[in-house]
Amino acid sequence: MINLSPKRRRKKKSKKPLFFIFLIICVVLVFAAFKTNYISKPNLAVISNYYEKYAHRCTIKQIDTEDLETATFSIQMLKSNDLVKFNQSLMLINQEHLLNNDFVPDIINYKDTGVELNRCMHDSFSSLSKKITNEFSTPLYVSSSYRTKKDQQEVLQTHKDTATDVGASEHQAGLALDVYVKYYSGKSFIKSDAGKYVNSSCWEDGFIIRYPRGKSAVTGIDYEPWHIRYIGIPHSEVIFKNDLTLEEYVEKLEIGSFYKIGNYIVTRQKIGDTILLPNHFLECIISPDNMGNYIATIEI
């Protein structure tokens, strides 16, 4: 018989009590974190809203011209067609693509308020403004809209760190608005419920946050939650739901190609006396892109 030493006979101590003590400590710490808001509590309404907006991204699909019944239309003829509108909604304006010295914006007075803006956004801004008033019981104010060259020069002298050069500002085309609500303007606009709504839902009325968060390397301008830019449907939906900037979106539209976006066909073509379009459509909006091309948005 082999005699085991007392050391060999000794049973190993169980580590279970230590594990349970550690688990209890973790539970207590997590509970305390929730109570002190170090960890945000899940908001089912926010999660549901996020799912509805982002679960299905708005797709843009290139299509073959052979799959379309197209015809060549003269620009002169289209300008007399009631189904066709020419506007300036899709102009890319930045430091690389300046407005021409002879550019004339299509400016109107918004409901006799003294706010001057591009004609193409009038109805859309009216819709967005009404939504803000109805949802949040506060008007959506405009701190800056259309600016002349002289106005932009004065802004540049006053705000050298944030203002763009003359010719590089969308305000000179009347296509951008700086908006705010009472007590919340500038960077603090996003802290208001109305500001959050504008930043997440203005695309429904054809607007985008022109200088979104995290895209300054593309736009050259830091996040401006108050600066909205009109481009129209369906472009605003594509840009918002695919986290694009206007620069990135226009770059995706190859010259001479056709794209299907929901019930719309979009094509970008060189500016000339004629343009290739589908034979049949409900409405067609044609805008220069400020790069020597037209972008046509055709509802089918």
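The values are calculated or read from the model by the stated rules, or taken from the named source; none is laboratory data. Keep in mind that what you see is a predicted model, and the values were worked out from it rather than measured. Here the Cβ positions follow ideal geometry from the backbone for every residue, glycine too, while neighbour counts run over all protein chains shown.
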Next item on the list: Check whether at least one residue in the stretch 219-227 is among the small types (Gly, Ala, Ser), outside the structural domain of residue 285 (by TED's automatic domain parsing) and crowded, with 23+ Cβ neighbours inside 10 Å, and report yes or no.
Entry: no
Notebook entry, point to check: So how many residues does the stretch 261-285 have that are surrounded by 17 or more Cβ atoms within 10 Å (Cβ to Cβ) and either more than 19 Å from residue 86 (Cα to Cα) or over 26 Å from the mean Cα position of the chain (by Cα) (or both)?
Noted result: 4
Notebook entry, point to check: Say we look at the stretch 117-154 and pick out the residues that are buried (at least 18 other Cβ atoms within 10 Å of the Cβ) and among the β-branched types (Val, Ile, Thr); which of these is farthest from residue 104 (Cα to Cα)?
Noted result: 132
Notebook entry, point to check: Scanning the stretch 142-161 for residues that are assigned to a loop (DSSP other than H, G, I, E, B) and touching a helix residue (DSSP H, G or I) at 6+ places or on another chain (Cβ under 9 Å), which turns out nearest to residue 100 (Cα to Cα)?
Noted result: 148
Next item on the list: Please indicate, with yes or no, whether at least one residue in the stretch 184-207 is part of a loop (DSSP other than H, G, I, E, B), loosely packed, with under 14 Cβ neighbours inside 10 Å, at pLDDT 95 or above and out of contact with any strand residue (DSSP E or B) (no Cβ under 8 Å at 6 or more places or on another chain).
Entry: no
Next item on the list: Read through the list (1) assigned to a loop (DSSP other than H, G, I, E, B); (2) on the phi < 0 side of the Ramachandran plot; (3) not aliphatic (A, V, I, L, M), then give the number of the only condition that residue 232 fails.
Entry: (2)
Next item on the list: Go through the residues of the stretch 269-287 one by one and say whether even a single one is touching a strand residue (DSSP E or B) at 6+ places or on another chain (Cβ under 6 Å), at pLDDT 95 or above, assigned to a loop (DSSP other than H, G, I, E, B) and assigned by TED's automatic domain parsing to the domain that holds residue 173.
Entry: no
Check: From the list 131, 111, which residue is under 19 Å from the mean Cα position of the chain (by Cα), of a type in the set (Lys, Arg) and over 19 Å from residue 283 (Cβ atoms)?
Finding: 131
Check: When you scan the stretch 45-90, how many residues do you find that are modelled with pLDDT under 90 and among the polar types (S, T, N, Q)?
Finding: 4
Notebook entry, point to check: Can you tell me which residues in the stretch 162-181 are more than 24 Å from residue 102 (Cβ to Cβ) and among the hydroxyl-bearing types (Ser, Thr, Tyr)?
Noted result: 162, 180
